[in-house]
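Single-structure report; data block below.
The values are calculated or read from the model by the stated rules, or taken from the named source; none is laboratory data. The structure displayed is predicted, hence computed values, not measured ones. Neighbour counts are summed over all protein chains in view; Cβ atoms, including those assigned to glycine, are modelled from backbone coordinates with ideal geometry.
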Amino acid sequence: MNERLWKENREVKELLLEAGSLEEAREKLYSYLFKQEQKLREDEESKDFVEHSLALQALSVFKGIISKRNEKIAGFSTLETIYNLAQGKIDSVSPGFVKEIIHLFRAIHKKAGYESGWLGKKIGESTEFHGREGAIKRSNYLDKIYQNLESFVSRYRDGLDPEVIKEREENKKKILSYFKGSEEDWYDWNWQLRHVIRGEDGIKHLKNLVPLTDEDIEALELASKYKIPYGITPYYLSLFDFSRADRKYDYQVRAQVLPPLFYVKMMAEHRSDRSYYFDFMGEHDTSPHDLITRRYPLVAIVKPYNSCPQICVYCQRNWEITGPLEPSAAIPESEYNKAIDWLVEHPAIKDVLITGGDPLVLSDQKIDRIIERLFSRGTVILVRIASRVLVTLPMRITDSLVEVFKKYIKFGERTICFVTHVEHPMEITPDVIKATEKLTSAGIYIYNQLVYTAVVSRRFENVALRIALKKAGIDPYYTFFPKGKEEHKGYTIPVARIFQERKEEARLLPGQFRTDEPVFNVPRLGKNHIRAMQDRELIGIKKDGRRVYLWYPWEKGITYAKPYKYVDVSIDEYLEEMKKMGEDPEDYSSIWYYY
């Protein structure tokens, strides 16, 4: 692997061998990089504009990661690793580190193969067309782009596929028979809540209903023992593939609710201090009042219920929740009324997000009173209902609940909208369509916040999701970079994968299909837009191949705020995981060039 590195750039190896110290190596490498930049900037003949631009960007990154300033911030020296490799002082580092440097060398020398685009390589045609004849050729060319897109998108079925509907109908019958329920029971959301699969009994139910791997069972048993949250509604269980345990066809469903062994062990290890250890977003430090979180001038969060009908493995607030529908999760009305009093006494707050847990576990009457009080002072303009029941318990969207929402909408004065998490097209079902139709018919807009986990990050997987969302009447809203929490190892992706997806996949969709904004949540400070290069800086590459970023928060340019240092997931390790999922890493090769 080391030989591959120096084969890409023997000149750099030679100058590093000549250096008698790390500081001399830094000066020699700086000089080399500045000369390369000068050569690029003075090249009047160059017509490879994209490779040229990428080369300048890669040079900037390379200079940044070998700077003393960034070494101090990162807490290690990327240059020292490169220098020691050249000097033979260390035998090897991770393949991920070597590949990062190889791809920087390739980009600097305009050998990335980035100019034609990854789909352009497959199509192999020019886009230089003129006149009607040229327009026809271009139209044919665009058809070829679509054919390539469709070859990927068609891999991902949605929950409206007739075969999928048929399979899930059989699953529903099996679940109802097991719990001695009726069709009427199935569409009673309270019946669903009474039969949520959780704890020791839940393991027994799962064993009787669906095939599980030995590791699944071990993880569930440990979760039950240490009160680590897991829970599945009967409805969501019906989305599983009941024929096999290996997740071949339902990976995107099972991965959300069956806690992995690594996650369970990590949560168990920190069960005594988890309320702080797993609080990635630092909500303890952004809560000016009980049940309130506030990170922005005009926005605040209120949490009137502290659990959910179903627990997502990647949940941001897993440190608060011990299990689904725990009695302790029910906040006394007097307590959340105090929180609402605090909100309405702050006229700066125009947008209130009602979240939790899932607030729609509460009765219609309680929800009605919360919304009424939020609008009572006339300063709140928007109330957002943050709930995943659309996906986990769609029968909760009853006519009476919709009427509660509808009566508070006054056009020109105030409004209500619904925010949810749909993670995959397989979650868009006929029952979800019925629920979205009720909401949208009442003038309630629905927005989706996709948590971009590794299990839903294959090529064009989220293009398929956006198409399914629009057909269901849901607008893409945010693509959330998953919280970089230790216990979520295996769910987190490299930041570069979001850059790549937005540029190379989502870009092919019509504008209304791709209206979402990719964001990284900075602890204690809130969302950072991932698109903007000026909001982040790549400051180092660790020996294990993980990039280290410095994120500049939203206040930048407004008020002072300290940036946040983040250690990313190794691109090489991510691609290896994609390979295990049956993907061709070559289809992702441009990921290395997103910084």
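Worth a mention:
- Within the range 1-36, if we keep just the residues that are surrounded by 15 or more Cβ atoms within 10 Å (Cβ to Cβ) and either over 19 Å from Thr78 (Cβ atoms) or of a type in the set (S, T, N, Q) (or both), the residue that is modelled with the lowest pLDDT turns out to be Asn2.
- Checked against the criterion of being in the same structural domain as Cys315 (by TED's automatic domain parsing), buried (at least 21 other Cβ atoms within 10 Å of the Cβ) and at pLDDT 90 or above, the candidates Arg497, Arg502 yield just one match: Arg497.
- Qualifying residue in the range 96-111 (condition: assigned to a loop (DSSP other than H, G, I, E, B) and within 26 Å of Arg244 (Cα to Cα)): no
- Counting only helices (runs of 4 or more DSSP H) that sit completely within the range 131-195, those holding 3 or more residues that are among the acidic types (Asp, Glu) and farther than 26 Å from Tyr251 by Cα correspond to 183-186.
- Every residue from the range 430-448 that is under 30 Å from Gln500 (Cβ atoms) and in contact with an Asp or Glu (Cβ under 8 Å, 6 or more places away or on another chain): Tyr445, Ile446, Tyr447, Asn448
- Selected residue (only one of Ile416, Ile367, Ile385, Ile349 is part of a helix (DSSP H, G or I) and modelled with pLDDT of 95 or more): Ile367
- Scanning the range 521-551 for residues that are in contact with a strand residue (DSSP E or B) (Cβ under 8 Å, 6 or more places away or on another chain), among the aliphatic types (A, V, I, L, M) and assigned to a loop (DSSP other than H, G, I, E, B) yields a count of 2.
- Scan the range 47-66 for residues that are free of Cβ contacts under 8 Å to residues at least 60 places away in the same chain and outside any helix (DSSP H, G or I) and the total you get is 2.
- Condition check for Thr415: crowded, with 16+ Cβ neighbours inside 10 Å, out of contact with any Leu (no Cβ under 7 Å at 6 or more places or on another chain), in the same structural domain as Tyr477 (by TED's automatic domain parsing) and within 24 Å of Asp516 (Cβ to Cβ): no
- Filter result for the condition that a residue is surrounded by 16 or more Cβ atoms within 10 Å (Cβ to Cβ) and not basic (Lys, Arg), over Pro234, Pro162, Pro211: Pro234
- Residue selected from the range 562-595 under the condition crowded, with 16+ Cβ neighbours inside 10 Å and assigned to a loop (DSSP other than H, G, I, E, B), by the criterion farthest from the chain's Cα centre (by Cα): Pro563
- In the set (1) surrounded by 14 or more Cβ atoms within 10 Å (Cβ to Cβ); (2) farther than 23 Å from Lys543 by Cβ; (3) more than 38 Å from the chain's Cα centre (by Cα), Asp43 fails one condition alone, (1).
- Residue match in the range 123-130 (condition: touching an Asp or Glu at 6+ places or on another chain (Cβ under 8 Å) and assigned to a helix (DSSP H, G or I)): no
- Restricting attention to the range 172-201, the residues that are buried (at least 20 other Cβ atoms within 10 Å of the Cβ) and under 19 Å from Asp241 (Cβ atoms) add up to 2.
- Residue check, Ile102 surrounded by 14 or more Cβ atoms within 10 Å (Cβ to Cβ), within 26 Å of Glu501 (Cβ to Cβ) and among the aliphatic types (A, V, I, L, M): yes
- Residues that are within 15 Å of Val402 (Cβ to Cβ) and in contact (Cβ under 8 Å) with a residue 24 or more places away in the chain were ranked within the range 363-387; the one that is surrounded by the fewest Cβ atoms within 10 Å (Cβ to Cβ) is Asp364.
- When Asn148, Asn140 are checked against the criterion of being over 30 Å from Glu269 (Cβ atoms), in contact with a Lys or Arg (Cβ under 7 Å, 6 or more places away or on another chain) and either modelled with pLDDT under 95 or among the basic types (Lys, Arg) (or both), Asn148 stands alone in meeting it.
- Ser328 vs. criteria modelled with pLDDT under 95 and at negative phi: yes
- Test result for Tyr452, farther than 27 Å from Met267 by Cβ, under 21 Å from the mean Cα position of the chain (by Cα), not β-branched (Val, Ile, Thr) and not assigned by TED's automatic domain parsing to the domain that holds Val196: no
- Residue list for the range 547-566, filter: within 24 Å of Arg106 (Cβ to Cβ) and touching a Lys or Arg at 6+ places or on another chain (Cβ under 6 Å): Tyr549
- The single condition from (1) among the aliphatic types (A, V, I, L, M); (2) modelled with pLDDT under 95; (3) in contact with an Asp or Glu (Cβ under 7 Å, 6 or more places away or on another chain) that Leu119 fails is (3).
- Residue ID - modelled with the lowest pLDDT, chosen from residues in the range 436-467 that are outside any strand (DSSP E or B), buried (at least 22 other Cβ atoms within 10 Å of the Cβ) and polar (S, T, N, Q): Thr453
- Residue check for Gly75: modelled with pLDDT of 95 or more, among the small types (Gly, Ala, Ser) and more than 26 Å from Ser589 (Cβ to Cβ): yes
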